[in-house]
Amino acid sequence: MVIVTSTGCKKDFFNRPPENQATVGTYYQTTAEVQSSTNILYAAPWFGFNGKAFLAIGDLQSGNARCDAGTDGEFDAFRNFSEGNATLAVQSTWNSLYTVIAQANALLNNLPTAAPASVPTAVVNNALGEARLMRAAAYFYLVRLFGNVPIITNPAPFVGSFQTVPTNPVTDVYKFMIIDLQFAEANCTPGVANTGHVSSASASALLSKVYLYEQDYADAKTEAEKVINSGEFGLLGLDNTSGTYVNLFETAFNNNLESIIALQWTSNGGYGFGNQIQSVIADGENGNYLTGTGDGYGELGPTWDLQDAFKAEGDTIRRHGCIMLPGEYYPELHKAEGGYTVPLAVNEQGTHASMKKYVVGTPADNNGNSAAQATSNNTYIMRYADVYLIEAEAIIGISSGTTPGKGIPLSASSSDPTALKYLNLVRQRAGVPALTSFTYQQLINERRLEFAIEGDYWYDLQRLDGFNSATHPVAEAIIAAQNRGGSSGSGTAPLYIDWTRNTLYIPATDANFLMPIPATDVAADPALTGSPVPYKF
């Protein structure tokens, strides 16, 4: 079995053979070994991205979250679009995602020749499909974050020339991902996403999202409908299931009916193997009490802009699952004590609120499945609500006549019954009124509220002006209007209501929509900053 560890992530990690590897000749010898060989693709290699980088990029940059200057070195640069090629979260994101790719490549390059004939071909192909899906998932983040990036499938040829490996164009990276996902769609086992491993329909779902970003609306719609028609997934709490929106992010509901692709964390190994999000965002004033494990640093608070967006929509269900407000009650936290009531004095990062999503409580609240900086609740890469909203967006994209490279006008509208059906199912679960027509701006807002603090909103803003666009006037206008300020005064007992909102507007420029390739990697491979080279398919 080939193991890629974080200690093997050197500056030339993406184009050299994985380090610290065991001999493959004695592995992949049984069906069970082949089936378990993909387990690592769902956890440890993603750790450097999951947590602070995930939140800094997806929610702090996008205006869903805020922090004060000096809160955390990994967050500070993202609060005002000042991240550079030496920023820790930039480096850890690049390292982590290429570690996922290296691990997938190790399996893809070794498994076909290592597995004996006694292992069924379908089992081998399923494992290869899982690896190709997770490789595509990593590239999907990389290409949206960095633009042109190197496509690496086998590092061996670059051992003597890693200093001259170029990037490949964004369009080629998308083509590469589509090929990977089409293989996964054809070879992954149907109906198994509830085991934590991806299924054939999981591949169709990610493929629909990749097509959506390319503005290939017809194919995005086709793939979304494959997922819907598979019958494998449903909205938790709506499609003949128990549970609520809040339950989606709890350990007891891991791999629920809505989970399409999710990272599978365990607290047993501690830091590096568990989900660290709770430790970062649980209310710092009551964090140790909330988590019971000595962490809960409260490093992010929900912006006024996000709080106002929930309020304007009359959306209390999703807001309750995302943001804790003073005096609110959560029975799932501190269950043994009858639940948790948010203190009236709550004031995380000056927002007079705190984060809830991915905050799951103490070890006792989770049957022992949490520890310091490590909980066992999954991180979603994709869930079923996304498929419904992709279907709706594909329909409005087709009807708008928008071509790739130019964004759908925010004023474009649709009353298509199919689009409304799926959009309104998401809204029904959220307890907000059904729509009889909707604009593209409303759809993007729906996505924001549904996936807030799930590391997704930044990518929606990034694509508003069209696929692979170098300019972002629509997104920049949205960002410029977001109030990212804190407050004056913490309030006084007993009601803590005598405080004042501050305003802070932080504009973005076109240069802020892609991150720089880390300096250490550019130093090792100067070709990374050169012109991209077409990939040889």
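In region 26-68, of all residues being under 23 Å from the mean Cα position of the chain (by Cα) and among the polar types (S, T, N, Q), the one that is surrounded by the most Cβ atoms within 10 Å (Cβ to Cβ) corresponds to Asn64. In region 507-531, the residues that are without any contact (Cβ under 8 Å) to a residue 60 or more places away in the chain reach residues that are of a type in the set (Ser, Thr, Tyr) with C-beta atoms within less than 7 angstrom, at least six apart or across chains, in these pairs: Asp510/Thr471.
For region 152-169, taking the residues that are of a type in the set (A, V, I, L, M, F, W, C) and open to solvent by 10 Å² or more (accessible area, probe 1.4 Å), the one that is modelled with the lowest pLDDT is identified as Val159.
Without any contact (Cβ under 8 Å) to a residue 12 or more places away in the chain, open to solvent by 20 Å² or more (accessible area, probe 1.4 Å) and either among the β-branched types (Val, Ile, Thr) or in a loop (DSSP other than H, G, I, E, B) (or both), is that true of Asn240? For Asn240, the condition - without any contact (Cβ under 8 Å) to a residue 12 or more places away in the chain, open to solvent by 20 Å² or more (accessible area, probe 1.4 Å) and either among the β-branched types (Val, Ile, Thr) or in a loop (DSSP other than H, G, I, E, B) (or both) - is met.
Note on region 273-286: among residues that are more than 21 Å from the chain's Cα centre (by Cα) and surrounded by fewer than 24 Cβ atoms within 10 Å (Cβ to Cβ), the one that is nearest to Ala481 (Cα to Cα) is Gly284. Determine, yes or no, whether Ala452 is open to solvent by less than 30 Å² (accessible area, probe 1.4 Å) and over 27 Å from Thr171 (Cβ atoms). Yes. Out of all the residues in region 481-509, which are within 23 Å of Gln91 (Cβ to Cβ) and either of a type in the set (D, E, K, R) or exposed (fewer than 14 other Cβ atoms within 10 Å of the Cβ) (or both)? If the condition is that a residue be within 23 Å of Gln91 (Cβ to Cβ) and either of a type in the set (D, E, K, R) or exposed (fewer than 14 other Cβ atoms within 10 Å of the Cβ) (or both), then Thr509 is the only one that fits.
It is to be established whether one or more residues within region 283-291 are in contact with an Asp or Glu (Cβ under 7 Å, 6 or more places away or on another chain) and under 30 Å from Leu181 (Cα atoms). No, the conditions are met nowhere in region 283-291. Scanning region 182-219 for residues being surrounded by fewer than 22 Cβ atoms within 10 Å (Cβ to Cβ), more than 20 Å from Phe467 (Cβ to Cβ) and more than 17 Å from the chain's Cα centre (by Cα) gives a total of 9.
When the residues of region 363-392 are filtered to those that are within 19 Å of the chain's Cα centre (by Cα) and part of a helix (DSSP H, G or I), the one that is farthest from Leu443 (Cα to Cα) is Tyr384. Annotation note: of Gly301, Gly292, Gly284, Gly314, the sole residue that is touching a His at 6+ places or on another chain (Cβ under 9 Å) and over 19 Å from Glu332 (Cβ atoms) is Gly301. Residues that are free of Cβ contacts under 8 Å to residues at least 40 places away in the same chain and out of contact with any helix residue (DSSP H, G or I) (no Cβ under 8 Å at 6 or more places or on another chain) were ranked within region 434-473; the one that is farthest from Met324 (Cα to Cα) is Pro473. Being of a type in the set (D, E, K, R) and touching a residue at least 40 places away in the same chain (Cβ under 8 Å) is the requirement here; does Glu476 meet it? No, not satisfied.
Residue by residue, here is whether (1) part of a helix (DSSP H, G or I); (2) surrounded by 22 or more Cβ atoms within 10 Å (Cβ to Cβ); (3) modelled with pLDDT of 95 or more holds:
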{"residue": "Leu333", "(1), (2), (3)": "no, yes, yes"}
{"residue": "Leu344", "(1), (2), (3)": "no, no, yes"}
{"residue": "Gln349", "(1), (2), (3)": "yes, yes, yes"}
{"residue": "His352", "(1), (2), (3)": "no, yes, yes"}
{"residue": "Gly361", "(1), (2), (3)": "no, yes, yes"}
{"residue": "Leu420", "(1), (2), (3)": "yes, no, yes"}
{"residue": "Leu435", "(1), (2), (3)": "no, no, yes"}
{"residue": "Gln442", "(1), (2), (3)": "yes, no, yes"}
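Every listed requirement among (1) touching a residue at least 60 places away in the same chain (Cβ under 8 Å); (2) open to solvent by 20 Å² or more (accessible area, probe 1.4 Å) is met by Asn378 save one, (2). Selection of first residues in region 283-306 that are closer than 15 Å to Tyr271 by Cα and of second residues that are part of a loop (DSSP other than H, G, I, E, B) and open to solvent by less than 10 Å² (accessible area, probe 1.4 Å), restricted to Cβ pairs under 6 Å at least 6 apart or on distinct chains, gives the following pairs, ordered by first then second residue: Thr291/Ala282; Gly296/Ala282. Condition first: outside any loop (DSSP other than H, G, I, E, B), out of contact with any strand residue (DSSP E or B) (no Cβ under 8 Å at 6 or more places or on another chain) and more than 22 Å from Ala44 (Cα to Cα). Can you find one or more residues in region 191-202 that meet it? So far as region 191-202 goes, yes, one or more of its residues are outside any loop (DSSP other than H, G, I, E, B), out of contact with any strand residue (DSSP E or B) (no Cβ under 8 Å at 6 or more places or on another chain) and more than 22 Å from Ala44 (Cα to Cα). For residues in region 485-499 being among the polar types (S, T, N, Q) and in a loop (DSSP other than H, G, I, E, B), which is modelled with the highest pLDDT? Selected residue: Thr492.
Among the conditions (1) part of a loop (DSSP other than H, G, I, E, B); (2) more than 25 Å from the chain's Cα centre (by Cα); (3) hydrophobic (A, V, I, L, M, F, W, C), Ile398 misses just one, which is (1).
The values are calculated or read from the model by the stated rules, or taken from the named source; none is laboratory data. Everything numeric here is computed off the predicted structure, so don't read it as measured data. Glycine also receives a Cβ, built like all others from the backbone with ideal geometry; neighbour counts cover every protein chain displayed. Accessible surface areas use protein heavy atoms only, side chains included; no ligands, DNA or RNA. Shrake-Rupley method; radii C 1.70, N 1.55, O 1.52, S 1.80 Å.
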